[in-house]
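One structure below.
Computed from the coordinates by the stated procedures, all read-outs in this text should not be read as laboratory data. These numbers were taken from a predicted model, which means no experiment stands behind them. We place every Cβ from the backbone using ideal geometry, glycine too, and count neighbours over all the protein chains shown.
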Amino acid sequence: MAPEKEDKLASELTRREFLAATGKLTGAVAAGTILGAAESAPAAAASALPDLVKLDALDLSKAIHSKQVSCREVMQTFLGHIERFNPRVNAIVSLQPRDSLLKQAEERDAQLARGESLGWMHGFPHAVKDLAATRGIRTSGGSPLVDGIPTEDEIFVERLRKNGVVLIGKTNVPEFGLGSQSYNPVFGAVGNAYDPTKTSGGSSGGASVSMALRMLPVADGSDMMGSLRNPAAFNNVIGFRPSCGRVPAGPSKEVFLEQLSTDGPMGRSIRDVAALLSVMAGPDPRAPRALDDNPQLFLRPLERDFKGVRIAWLGDLGGHLPFEPGVLDLCKSSFKSFESLGCRVEEARFDFSPQLLWRTWLTLRHWLISNHLGAFYADPAKRAQLKPEAQWEVEGGLRLTAAGVYQALEARSAFYAALIKLFETYEYLLLPSAQVFPFDVNVHWPKSINGVSMDTYHRWMEVVVPGTLSGCPVINVPVGFGPAGLPMGMQIIGRNHADFAVLQLAFAYEQATQWVQRNPPPLLESA
């Protein structure tokens with residue numbers, strides 16, 4: 001055998017041994033070559049799922065840094081996987097030219113050859129949510145009114161680049177991120193990973209579907225009204241809304257106005273989510289509300305003893321929230337997993353009117369969105385390009401008074417005080433992540449839930465409002481599947497700034513349940 005062929009065979013064997021050791025290859029696959037490598041995959045196995053995309057992000061990082069796989073091979077594999085599955089769901093948009101991406105991956109390989117690593121995400125293909133600015137890469141916001149190519153990155157995008165990622169494109173969103181259903185006039189709708197005829201949720205719909213279908217190792221998202229939680233629940237992945245200020249906002253003229261929305265990490269494992277947060281988090285002088293904590297704390301071990309920890313189940317907020325049949329039952333079925341960890345789950349309520357909380361939410365959301373979109377609304381030609389729900393938000397804001405906004409801020413403070421009181425007894429709070437299962441992708445929003453009419457386009461997502469208005473860290477964890485085989489999730493809410501403690505409980509729950517690992521989308525299984 002020629003020396004160069006011997007070297008190639010030895011390289012393949014080393015890669016195979018690594019993947020087998022991490023438990024990602026079994027049986028016949030472990031005995032063969034890495035199917036993700038186009039140059040080495042046998043034709044007979046061309047339809048099999050690439051082994052590289054099965055790796056958790058941290059395992060992929062180890063493979064890259066130990067040179068078991070090259071960054072070029074990783075890029076080639078993921079691009080092939082995206083070409084195969086993305087047309088079915090429309091999750092990744094503005095995909096960059098393949099030759100350019102492979103060249104950037106080769107540059108990452110050259111850096112490693114010199115002993116240079118930019119970070120744990122070195123060589124990762126990554127797509128940024130299409131609401132965040134990406135220098136030199138099209139950012140549409142889901143609207144032709146803002147569609148263009150930015151000249152600078154968001155702060156967290158800067159950090160991703162500095163950590164070694166190669167930006168391959170963007171993940172699809174609703175128009176301006178409004179609504180938990182990802183459709184827009186620029187790129188169209190995102191299909192659910194478990195049934196592409198159903199909605200992906202939103203606004204991080206493209207990100208969550210990309211995660212579920214293994215088209216990205218990890219993903220970033222943002223959350224105003226459940227946009228990291230709802231799509232994660234709808235696609236059986238993890239979405240973490242960190243404490244306000246954990247991930248700095250900007251650079252933007254609105255850095256003092258980011259009171260409801262925050263960026264955060266998504267992944268298929270809690271460790272991956274925590275590792276991504278370690279990159280996205282941390283102070284920045286351009287973000288005056290950013291927390292000063294060292295983000296490296298999120299790389300610490302997540303194991304913890306939960307014996308005797310008390311958890312409050314808030315359920316339907318004392319009968320206030322309607323739910324599609326089956327949602328609450330799935331969430332309650334998760335209690336035994338928490339109890340197996342030593343936790344005590346008890347029914348509880350916060351001492352604050354849910355009706356007033358909703359009115360507070362409407363006021364503050366109208367106030368922020370109407371000022372953000374007001375200039376478009378003022379121009380009749382541009383107003384016609386805003387979806388009706390966006391126009392309704394602006395019109396609601398135009399009716400507000402300064403006194404009304406002030407009163408809403410007072411009510412929010414009173415609600416937070418009620419939560420603090422609840423946290424004196426309980427370390428964590430539980431709520432469902434959505435009130436319905438994924439619905440038809442062609443339906444913009446549910447008009448009713450279990451016979452109760454929805455009076456706004458987002459009333460069906462009211463269950464996420466307490467988490468947002470609290471400013472506390474909230475993570476979605478999977479709880480199983482409904483009668484139609486569609487996923488559902490549950491929110492774990494922690495005390496303010498206790499992001500690491502939330503990740504610890506989510507990690508322990510993950511180890512007890514393994515919902516993501518044991519239940520890949522049928523679309524992948526059929527491959």
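Compared with the dominant principal axis of the Cα atoms in the chain, helix 71-89 is inclined by about 50°. Entry for the chain at q = 0.08 Å⁻¹: log10 I(q)/I(0) = -0.48, Debye formula applied to identical alpha-carbon scatterers, no solvent contribution. Between GLN514 and GLU395, the C-beta separation translates, for a Förster distance of 51 Å, into a calculated FRET efficiency of about 0.65. Of HIS65, HIS458, the sequence from fewest to most neighbouring Cβ atoms within 10 angstrom is HIS65, HIS458.
Calculated on C-alpha atoms, the gyration radius of region 180-263 divided by its Kirkwood radius gives an Rg/Rh of 1.01.
Starting with the fewest neighbours, write out ILE238, ILE92 ranked by other beta-carbon atoms found within 10 Å of each beta-carbon.
Arranged by neighbour count, lowest to highest, ILE238, ILE92 become ILE92, ILE238.
Per-residue extension of 0.36 nm, minus the Cα-Cα distance of ALA403 and HIS372, leaves a gain of 9.2 nm for this segment.
Give the shape of region 230-379 as rounded, prolate or oblate, defined through the alpha-carbon gyration tensor: a ≥ b ≥ c are the square roots of its eigenvalues, a/c under 1.5 means rounded, and otherwise the shape is prolate if a/b is larger than b/c and oblate if not.
Values: a/c = 2.09, a/b = 1.21, b/c = 1.72.
Oblate.
Under the convention that each Lys and Arg Cβ holds +1 and each Asp and Glu Cβ holds -1, the size of the dipole of region 299-390 around its Cα centre is about 280 debye.
Sorting LYS170, LYS307, LYS67 by the number of Cβ atoms found within 10 Å of their own Cβ, with the fewest placed first, yields LYS307, LYS67, LYS170.
How high is the FRET efficiency from ASP99 to ASN442, r the C-beta distance, R0 45 Å, rounded to 0.05? Taking R0 as 45 Å, the efficiency between ASP99 and ASN442 is 0.80. Rounded to the nearest whole Hz, the Karplus-based 3J(HN,Hα) values (6.51 cos²θ - 1.76 cosθ + 1.60, θ = phi - 60°) of region 510-515 follow the sequence 4, 5, 7, 10, 6, 4, with x at glycine and proline. The alpha carbons of region 114-153 occupy a box of 45, 17, 10 Å along the principal axes, longest dimension given first.
Using the Cβ-Cβ distance between ALA113 and ALA484 with R0 = 51 Å, the FRET efficiency computed as 1/(1 + (r/R0)^6) comes to roughly 0.55. Within the chain, antiparallel bridges make up roughly 70 percent of the DSSP beta bridges whose residues both belong there. Estimated from helices alone, the mean residue ellipticity of the chain at 222 nm is -11500 deg cm²/dmol (sum of -39500 (n - 2.57) over DSSP H runs with n ≥ 4, per residue). Rounded to the nearest 10 degrees, what's the angle between the helix 388-398 long axis and the longest principal axis of the chain, both from Cα atoms, 0 to 90? The angle comes out at about 50 degrees. Only Lys, Arg, Asp and Glu carry charge here, each on its Cβ (+1 for the first two, -1 for the last two); on that basis the chain has a dipole of about 80 debye about its Cα centre.
Compared with the dominant Cα axis of the chain, that is its longest principal axis, helix 270-280 is turned about 80°.
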